[in-house]
Amino acid sequence: MTEITRTFDLLDHLVENFPKDDILAGKVNGEWVKYSSHDYYKYAHYLAYGLCEVGLKEGDRVVTMSANCPEWNFIDMALAMSGIIHVPIYPTLSADNYLHILKHSEANAVFVSTKVLLGRLRPALDKMEQRPQVFTLANIEGERRMLEILKAGIANRDKWMEEIERRKREIKPDDWTTMIYTSGTTGQPKGVMLSHRNLCSNFLAHEKVNPMGSECKVLSFLPLNHVYERSLNYHWQTKGVSIYYAESLGTIQQNMMEIHGDGFCAVPRVLEMVYDKLYAAGKDFTGIRKRIYDWAFRHGQRYDYTLLKKANIFFQMSQWFLDKAVYSKWREKFGGHRLTVITGSSSIQPKMVRLFAAAGINIYEGYGLSETSPVIAVNDPAHHMVKIGTVGPVLSGVEMRFGDDGEILTRGPHVMLGYYKDPEYTAQVIDKDGWFHTGDIGELVSGRYLKITDRKKDIFKLSAGKYVAPQLIENMLRGSEYIDQVMVIGENEKQAAAIISPNFNTLHYWALKYKLHYRDNVELVTLPQVLDKMRKVLDEYNKSLAPHEQIKQFRLVTDEWNATNGLLSPTLKLRRGPLMEKYKDLVADIYGKEKTTSSGLFSAFKSVELPTMPWVKK
């Protein structure tokens with residue numbers, strides 16, 4: 001039996017243990033094209049021979065810029081067994097970032113999936129003196145295709161087979177195999193160097209918490225260039241789970257229904273959108289249907305994985321009835337099966353975890369970084385090792401402790417080799433004893449479950465000397481149905497405040513109920529009734545905050561915050577720098593400072609002062 005110590009060992013593992021017909025699948029012209037375990041093995045090796053034939057050598061760097069598809073895996077495995085460094089990149093970066101990555105990585109070749117993505121990359125390619133070879137997955141006039149490499153590999157199989165087998169024998173687990181460029185919020189992206197051992201030790205550890213078997217199918221839609229989705233793809237391959245690649249983010253539900261999927265990997269924002277749609281659907285019901293639907297929400301938000309068997313008979317009977325009447329209908333919209341959903345990157349609201357769990361959609365919330373390959377901790381509902389509101393127990397084989405200031409430190413085979421061409425910064429984050437400093441602040445709950453409380457660099461101090469952890473407050477506020485996104489501010493100021501992007505679906509429904517008249521969203525968020533409503537929403541949350549943490553003022557904005565406009569990172573985290581720059585006049589207005597320039601961004605908004613509640617203790 002093949003031992004998995006290098007990523008490409010998965011190919012032998014699949015052929016030996018899971019010789020199935022649909023280990024990978026993607027949509028082509030509206031139809032699912034499936035690849036067997038043997039196809040996967042064969043095409044990866046042919047590509048490896050072809051890479052040799054077109055002149056790529058061990059240690060070369062190859063950039064991939066592609067949507068999720070089976071071919072991404074063929075390329076990934078071909079590069080790994082060839083000893084070539086795989087450098088996958090986001091398709092949403094700026095031209096300057098692309099140029100930096102191509103030059104910094106010293107890219108020898110680039111694989112691009114579509115004409116649109118090639119158009120985004122071309123301005124950077126055109127500025128390079130030594131332009132890398134470019135190959136496209138799609139048929140684009142005037143461009144060389146990946147198919148050319150595949151055909152070259154087939155034609156020259158005998159010429160290069162022994163060379164690839166030699167490389168496979170000589171590649172060691174600790175050898176560098178990929179470079180992940182961190183998206184970051186400031187400065188140029190940094191190249192995180194990961195070895196085979198980094199990746200394999202991690203996915204072999206977190207696959208043990210997943211109850212799915214080789215009879216299952218999953219849908220993959222988060223970018224494979226991010227180590228999070230990539231590690232889960234390796235994880236599923238280890239278990240022989242079939243991986244189907246979604247056509248787009250807009251087809252997730254349709255594709256899940258088509259394949260009758262058993263799970264997927266998501267970020268909280270995706271699950272928040274599902275939750276909002278489920279909640280909004282209930283507003284159209286009347287009479288007994290609405291009462292039952294509302295009951296399903298109330299019941300779900302009291303659910304706990306570990307308490308169902310201990311719950312009273314009424315709760316258990318309610319669970320049975322509501323599953324028949326409501327929750328099973330939700331699952332039908334995603335293919336009908338009970339689901340395993342892995343989530344990370346940022347916090348998810350506990351109420352959502354509870355509701356989805358009650359509905360048979362088990363949430364495996366975890367935590368990690370690109371530099372840690374990536375998982376450090378993960379909840380494990382299947383084995384009753386879960387605590388809602390935390391990111392779960394620390395993963396097997398991973399060491400973790402806290403610094404004097406509460407910073408999470410980790411050590412083990414999952415910690416990166418370092419940052420490419422940056423030994424100074426590497427030494428700043430990995431100390432002499434091998435502990436990686438994550439930059440996140442956390443604590444252990446019940447002596448076992450890791451809870452992330454904030455980013456070390458995001459915690460700010462008010463002018464009175466009190467510290468505020470904005471992420472903790474933001475995550476709490478996003479629990480409101482009226483708030484889509486929020487950024488808490490107040491560094492060196494007297495009090496904390498917030499810039500809020502409302503949930504306009506909920507706000508429109510509320511405005512209709514109270515018969516408010518407005519031309520558009522810009523006018524809606526200036527209405528006194530709306531401002532008063534938002535003040536009351538914040539007032540309720542302030543009751544659970546210490547006096548210095550309470551949101552005393554706020555401003556509403558109508559912009560959508562997303563990765564495309566640069567206000568969220570590719571993993572949908574707040575990019576505080578760009579947000580502060582965009583709303584600098586609003587911030588100046590909140591704190592009574594002179595504005596820089598007129599930006600036209602709702603400067604007519606009046607200040608909304610919330611009552612101080614010094615009697616409320618944390």
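Looking only at residues of the range 12-51 that are closer than 16 Å to M161 by Cα and of a type in the set (A, V, I, L, M), we find that the one that is surrounded by the fewest Cβ atoms within 10 Å (Cβ to Cβ) is A44.
Would you be able to say whether some residue in the range 542-559 is within 30 Å of D96 (Cα to Cα) and crowded, with 17+ Cβ neighbours inside 10 Å? Yes; the residues of the range 542-559 include at least one that is within 30 Å of D96 (Cα to Cα) and crowded, with 17+ Cβ neighbours inside 10 Å.
Quick one: how many residues across the range 479-502 are farther than 21 Å from G592 by Cβ and buried (at least 21 other Cβ atoms within 10 Å of the Cβ)?
Summing the residues that are farther than 21 Å from G592 by Cβ and buried (at least 21 other Cβ atoms within 10 Å of the Cβ) in the range 479-502 gives 5.
Restricting attention to the range 62-95, the residues that are more than 20 Å from the chain's Cα centre (by Cα) and aliphatic (A, V, I, L, M) total 11.
Among the residues of the range 137-154, the ones that are touching a residue at least 60 places away in the same chain (Cβ under 8 Å) and of a type in the set (A, V, I, L, M) come to 6 in all.
Filtered by the rule that a residue be in a helix (DSSP H, G or I) and in contact with a strand residue (DSSP E or B) (Cβ under 8 Å, 6 or more places away or on another chain), the range 331-353 gives R331, M352, V353. Scanning the range 20-40 for residues that are in contact (Cβ under 8 Å) with a residue 60 or more places away in the chain and assigned to a loop (DSSP other than H, G, I, E, B) yields K20, D22, I23. Among the residues of the range 41-57, none qualifies, meaning not one is more than 17 Å from L150 (Cβ to Cβ), under 27 Å from the mean Cα position of the chain (by Cα), in the same structural domain as K172 (by TED's automatic domain parsing) and part of a loop (DSSP other than H, G, I, E, B). If you check T410 against the conditions, is it crowded, with 20+ Cβ neighbours inside 10 Å, within 22 Å of V227 (Cβ to Cβ), in contact (Cβ under 8 Å) with a residue 60 or more places away in the chain and of a type in the set (S, T, Y)? Here the answer is no, as T410 does not meet what is asked. Somewhere in the range 4-18, is a residue in a loop (DSSP other than H, G, I, E, B), at pLDDT 95 or above and farther than 23 Å from W236 by Cβ? No, there is no match, as no residue in the range 4-18 is in a loop (DSSP other than H, G, I, E, B), at pLDDT 95 or above and farther than 23 Å from W236 by Cβ.
With K573, K595 as the choices, which residue is surrounded by 13 or more Cβ atoms within 10 Å (Cβ to Cβ), of a type in the set (K, R), closer than 26 Å to V267 by Cα and at pLDDT below 90? Working first, answer last.
Numbers: K595 fails: closer than 26 Å to V267 by Cα.
Within the list K573, K595, the selection yields K573.
Counting only residues that are of a type in the set (D, E, K, R) and within 30 Å of K457 (Cβ to Cβ), the range 491-534 holds 3 of them. Restricting attention to the range 319-347 and to residues that are small (G, A, S) and over 25 Å from W236 (Cα atoms), the residue that is farthest from the chain's Cα centre (by Cα) turns out to be A325. When we screen A80, A67 for residues that are in a loop (DSSP other than H, G, I, E, B), crowded, with 20+ Cβ neighbours inside 10 Å and either touching a residue at least 40 places away in the same chain (Cβ under 8 Å) or aromatic (F, W, Y) (or both), the only hit is A67. Selection of the range 112-145 for residues being surrounded by 13 or more Cβ atoms within 10 Å (Cβ to Cβ) and within 20 Å of P223 (Cα to Cα) yields V112, S113, T114, K115, L117, L118, R120, L121, F135, T136, L137, A138.
Among the residues making up the range 212-237, those that are in a helix (DSSP H, G or I) and either in contact (Cβ under 8 Å) with a residue 40 or more places away in the chain or in the same structural domain as I376 (by TED's automatic domain parsing) (or both) are V227, Y228, E229, R230, S231, L232, N233, Y234, Q237. Take the conditions (1) surrounded by fewer than 21 Cβ atoms within 10 Å (Cβ to Cβ); (2) touching a residue at least 12 places away in the same chain (Cβ under 8 Å); (3) within 29 Å of Q253 (Cα to Cα); P173 misses just one of them, which is (3). Under 8 Å between Cβ atoms, which residue pairs at least 6 apart in sequence (or on different chains) link something in the range 488-501 that is without any contact (Cβ under 8 Å) to a residue 60 or more places away in the chain with a partner that is part of a strand (DSSP E or B) and of a type in the set (F, W, Y)? Final answer for the pair search is G490/F460; E491/F460; N492/F460; A498/F554; I500/F554. Can you confirm whether the range 469-491 contains a residue that is more than 22 Å from S569 (Cα to Cα) and basic (K, R)? No, there is no match, as no residue in the range 469-491 is more than 22 Å from S569 (Cα to Cα) and basic (K, R). If you filter the range 402-430 down to residues that are touching a helix residue (DSSP H, G or I) at 6+ places or on another chain (Cβ under 9 Å) and among the hydroxyl-bearing types (S, T, Y), you find that the one that is farthest from L204 (Cα to Cα) is Y420. Taken over the range 279-295, the criterion of being within 18 Å of R331 (Cα to Cα), touching a residue at least 60 places away in the same chain (Cβ under 8 Å) and not hydroxyl-bearing (S, T, Y) is satisfied by A280 alone. If the requirement is being over 17 Å from V488 (Cα atoms) and outside any helix (DSSP H, G or I), which of these qualifies: R519, R555? Only one candidate qualifies: R519. For the condition under 18 Å from I252 (Cβ atoms), aliphatic (A, V, I, L, M) and out of contact with any strand residue (DSSP E or B) (no Cβ under 6 Å at 6 or more places or on another chain), A359 qualifies.
The values are calculated or read from the model by the stated rules, or taken from the named source; none is laboratory data. The shown structure was predicted, so the numbers you read here are calculated from the model rather than taken from an experiment. Counting neighbours? That spans all protein chains shown, and the Cβs are built from the backbone with ideal geometry, glycine included.
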